[in-house]
Structure formats: C-alpha cells, structure tokens
Amino acid sequence: MILNINTKTMIPTLRILTRKTKLRFGKWKDYTVQELLDLRRQKELISPYYKLTSINYTEDILIELKITKDYRIEKPGTDREMYFKFISENGYYTKHKRKGGADIMKIRSRPLSKAQLKSINQSNK
C-alpha cells in the first residue's frame, strides 16, 4: 500500500509493506518481505522500520518481527535510539566497524630490516 504524495506541501509518502511487497531499496531490493522472513533476515526488515521515514509494516509483520507496542514509533518518522534499544534488548547482533584500513595494515605488516631492503634493491638490478 502506497499513500500519494502531495507535491505542493511535500508530505512524504508512507509505504505500508505487506508480505508480498518487494522492498525496492538497498541490498535486498528484489526480495519480498516474506522471502526475507523465510531467510531469517529479520534485521534487514527491522532496520528500515526505525531508520527510514516512509517504511511501515502491516500489524502481522510487526508482530512476527517482535516489534511490540512498546517499541513502535510514530510514522512517518524515524527513531535511531529506539532501534538500538530494540536491537540490544532482543538479542540481535550488530557488527562493530573496525577502525581505518591503513591502521590495520600498519599493525599487520612488520618493518623490513636493512638487510632485507638491501636484498630487495639489489635483486632488481
């Protein structure tokens, strides 16, 4: 179900996704909501609910995602704090991004000794 947008007042559209609705955004854009539920990818459905203004689900999907009345948010709208609260209290794993790639390379690579550098330089001649 898609609500129309009023171009004069710029009211955002609200997409209420059903089980047969394709996401049409992100990595899983070609999948339906039911396919993601079958693949046990609930987190890919929970994240847009809290982070995107225009995404909402039918009541049965919200119940299956375990988004109870306590965790529901006013739509259209977002609430990242509620998202992190929901994720932490319901045992979903979140990936913590590592610090910059260059820092990791410095840790992993050992500096070469003078003898090794000399060997490398002389073998190129």
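Residues in region 73-89 that are in a loop (DSSP other than H, G, I, E, B) and exposed (fewer than 14 other Cβ atoms within 10 Å of the Cβ): 2 in all.
Taken residue by residue, region 38-53 has at least one member that is touching a Pro at 6+ places or on another chain (Cβ under 6 Å) and either surrounded by fewer than 18 Cβ atoms within 10 Å (Cβ to Cβ) or under 17 Å from residue 73 (Cα atoms) (or both).
Residue pairs whose Cβ atoms lie under 7 Å apart, separated by 6 or more positions or on different chains, with the first residue in region 57-70 and charged (D, E, K, R) and the second not in a helix (DSSP H, G or I), are 66/90. Please work out if residue 17 is of a type in the set (A, V, I, L, M, F, W, C), buried (at least 19 other Cβ atoms within 10 Å of the Cβ) and out of contact with any Lys or Arg (no Cβ under 8 Å at 6 or more places or on another chain). So residue 17 fits the description; yes.
Throughout, read-outs are computed from the coordinates displayed, never taken from laboratory work. In this text the structure is predicted, and so the values were computed from the model without any measurement. Neighbour counts run over all protein chains shown; Cβ positions are idealised from the backbone, glycine included.
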